[in-house]
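Structure first, then comments.
The values are calculated or read from the model by the stated rules, or taken from the named source; none is laboratory data. Nothing here was measured: the structure is a model prediction, and the numbers come from that model. Here the Cβ positions follow ideal geometry from the backbone for every residue, glycine too, while neighbour counts run over all protein chains shown. To get the accessible areas, we keep the full protein, side chains included, count just its heavy atoms, and leave off ligands, DNA and RNA. Shrake-Rupley method; radii C 1.70, N 1.55, O 1.52, S 1.80 Å.
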Amino acid sequence: MADEDQVAAKERKILVAVDEGEESMYALSWCLKNIISQSSKDTLILLYAKPPRAVYSSLDGSGYLFSADIMVTMDKYSNSVAACVIDKAKRICREQADHEVKMEVKIESGDPRDVICQFADEIKADVLVLGTHGYGLIKRAFLGSVSTHCAQNVKCPVLIVKKPK
């Protein structure tokens, strides 16, 4: 009981990395049900890492020039995706939390592996919660694993939540 009181009294920063995949939304749901208690003073921080915009020369492969309009459209699309992901995550928090959850949102640009690790260290997160895509050994070797990278490089505890099949 004393341990439970100490956990409830501590103000923890729980960082949940979200993306377009079902796996990260499942990890968020799991976190809401299993980590954040009604009596806690936890802050749930939702982090979305926008992939960096691909670098293009002014000529594409067919010799046509990229216009500034295309670059603006690509940026708008990227911002739209980020907004949709965050909106979905907020909706999950409202629907699944059995109490009011103190929440912050952060959208950063860059490689998700680096963004998540740097941000977790910057805010001194108490725990980092990630979903996993469950890639096999070969896919993970080629594509890399964000969760594995974070588990090896972040200073706080990392909870990797696997969605049941």
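Counting only protein heavy atoms and a 1.4 Å probe, the range 72-118 has 65 square angstrom of accessible area per residue. Within the shell defined by Cβ-Cβ distances under 10 Å, the residues around F119 carry a net charge of -3, with Lys and Arg each +1 and Asp and Glu each -1. With 0.36 nm allotted per residue and the present C-alpha distance subtracted, the H149-K102 stretch has 14.1 nm of extension available.
Taking amide H atoms as placed 1.01 Å from N in the peptide plane, the amide H of K102 lies under 5 Å from those of L44, each 5 or more residues away in sequence or on another chain.
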